[in-house]
Each structure stands twice: as structure tokens, then as C-alpha cells.
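Please treat every number below as a calculation from the coordinates, not as lab data. For clarity, every value in this text was computed on a predicted model and none was experimentally measured. A quick note on method: Cβ atoms are made from the backbone with ideal geometry, for glycine too, and the neighbour counts reach across all protein chains shown.
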Amino acid sequence: MGVAVIKLKNPPVNSLSLEVLTEFVISLEKLENDKTFRGVIVTSDCPGIFSAGLDLTEMCGKSQAHYAEYWRAVQELWLRLYLSNLVLIAAINGVSPAGGCLMSLTCDYRVLADNPKYNMGLNETLLGIVAPSWFKDTLVNTVGHRTAERALQLGLLFPPAEALRVGMVDQVVPEDQVHSTALSVMAQWLAVPDHARQLTKNLMRKPTADRLVKQRDADIQYFLRFISRDSIQKSLRVYLDKLRQKKG
Ligand SMILES: CCCCCC/C=C/CC(=O)SCCNC(=O)CCNC(=O)[C@H](O)C(C)(C)COP(=O)(O)OP(=O)(O)OC[C@H]1O[C@@H](n2cnc3c(N)ncnc32)[C@H](O)[C@@H]1OP(=O)(O)O
């Protein structure tokens, strides 16, 4: 039925490095241009981890030019996913904090594996950083304003039952059924004529996407100022050190 599977593979935690973002955009572009494909299942090849989100090492101790290039790539992937003409279904087979969660929120439907470890949410505040307005918009458009406000301020990571309750995911299923469920949901979405579904998706999403499109450069400048602050660099270093020391 013209369904591709994109399996994120950047071990150990599928962090969204510049390379991963760039490759993802290229893969999506190819699929969008190949009329034999109408849908994509986005999933992970890393056991237990859908994606650890943006690659913290790309945002720490690097040059301004690097931060600008990185942030443009983050914007690009979000825009491509959010406005994709393809049906996108996230088969979430692992934990998905921050950018990992955001990626799934850009999809049309989310199936999450029922494993209490598989938390998801926008936890940026816990790192001492702030989710940008378009991350916030994506969450608000999915779960509503009040739930998003509480989740964002507290940096909440929701276990599967809670994620389902607040509408962050559409279905929670046993782990071994995530892929088959995503496939059967895909069949349902593909039963709708493409042009009508695509125009409707655009109607729902374009106003949100346009807010970023109209101020992409300003958004990059804002990111540069924010990420270059000594206090933010320090917070990121402390957070990364904590992650690294967990093993020791
Ligand atoms: C206006 C400006 C606004 C700026 C907004 C910026 C927005 C940012 C959004 C983001 O996505 S920030 C990233 C948020 N991500 C997280 O908080 C997740 C952090 N990671 C974890 O919680 C855990 O790693 C995990 C995903 C639950 C997996 O746990 P596990 O025990 O399996 O692995 P670890 O031992 O923790 O990690 C292995 C290895 O990977 C490194 N690592 C983990 N996450 C990241 C990451 N996001 N980026 C880069 N590297 C990461 C970790 O440090 C370990 O490295 P080591 O060298 O092997 O010790």
C-alpha cells in the first residue's frame, strides 16, 4: 500500500545530531517526491529508546556558526514533518523526551508501547532550558492549552497510561503489537482520498507552521542568544555530566 518505514538508528540513544536531522530530511523529501509512497511509519532501531531528543553535544561548547546550522536543521525537520503530505504514524517503541517527543507529535497518529519505562513529554525546563514557541504550539495543538501549560512548566514526562489519558498518544498497545497496530491504523488513514486528507491537514497545521516560517531567522538569532548564555551552557554541561556519571 505504499508505506515506508523510517527507523531511527543513532545508537546508543537516537539523539538527533546534525547528521541524523539532515539524513531524516533527505529521506522524507525522497519519499514525498516518490508517488508510490503515501505513508510513513516512524520508529526506532534502538531498543527501549525512541529518541533522546536533540543532541545536547551539538548545543554545548560549539561555535555560533554551528549553533545556527544546527538550529536551522531542527527547524527544517519540524517543518517537513509537520506539513508532510504523507500520512505519518509514530510507532513509539521506547522513551521519548523533549525533541524525541516533539518528533512524534508532528505525526498524524501515535501508537505507544505499553512499558512503564517509556515516558514521553517536553522536559526542557528540567534541563534549565525553554521549549521554543513552536514546540509549545505542537504540544498545545495535541493536548490542549491547560495540559500543555502544566506539562511544559513542570517538564513532565508521562508514562504510557498518562500519555493516553492526556491525549499525547492515540493508542497504547503491548510492545510486540506496536508495528502491526501502526500498519492497521495506516490502512485506515490511507482509505481517505489523499487530496482531501492533505488539504485538511494543511488547513489544520499551516497557521502554526507559518508562524515559524515567517520568522525563521529571528528564531535562529533568539536560539543563538539563548544557547550562548553562560548560565545555559553551564546547565547543559551539568545535565550532560549527570547523564554520563549515571553509569559510574
Ligand atoms: C529558545 C531556545 C530554546 C532551546 C531549546 C532546546 C531544545 C531542546 C530539546 C531537547 O530535545 S534537549 C534533549 C533532552 N533530552 C533529554 O533530556 C534526554 C536525556 N537522556 C536520557 O534521559 C537518557 O539518556 C535516556 C534517553 C532515558 C536513555 O537512558 P540510558 O540509561 O539508556 O542511556 P544513558 O546512559 O543515559 O545515555 C547513554 C549515552 O548517551 C548520552 N546521551 C543521552 N541523551 C543524550 C542527548 N539528548 N544528547 C546527547 N547525548 C545524550 C549520554 O550522555 C550517554 O553518553 P556516554 O558518553 O555514553 O556516557
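Computed values, structure above
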| quantity | calculated |
| --- | --- |
| Yes/no for Met168 being touching a strand residue (DSSP E or B) at 6+ places or on another chain (Cβ under 8 Å) and within 16 Å of the ligand (Cβ to nearest atom) | yes |
| Any hit, the range 121-128, residues being surrounded by 15 or more Cβ atoms within 10 Å (Cβ to Cβ), in contact with a Cys (Cβ under 7 Å, 6 or more places away or on another chain) and not in a helix (DSSP H, G or I) | yes |
| Extreme residue, surrounded by the most Cβ atoms within 10 Å (Cβ to Cβ), among residues of the range 97-120 that are in a helix (DSSP H, G or I) and aliphatic (A, V, I, L, M) | Leu102 |
| Considering residues of the range 129-164 that are in contact (Cβ under 8 Å) with a residue 60 or more places away in the chain and more than 27 Å from Leu240 (Cβ to Cβ) only, the residue surrounded by the fewest Cβ atoms within 10 Å (Cβ to Cβ) | Asn141 |
| Cross-chain or 6+ apart pairs with Cβ under 6 Å, the range 169-191 first and surrounded by fewer than 21 Cβ atoms within 10 Å (Cβ to Cβ), then polar (S, T, N, Q) | Val173/Thr181; Glu175/Asn115 |
| Options Ala73, Ala90, Ala98, Ala68: the member that is touching a Gly at 6+ places or on another chain (Cβ under 9 Å) and among the hydrophobic types (A, V, I, L, M, F, W, C) | Ala98 |
| Residue pairs meeting the criteria (Cβ under 6 Å; at least 6 apart or on separate chains; first over 28 Å from Ala113 (Cβ atoms) and free of Cβ contacts under 8 Å to residues at least 60 places away in the same chain, in the range 47-76; second assigned to a loop (DSSP other than H, G, I, E, B) and of a type in the set (Lys, Arg)) | none |
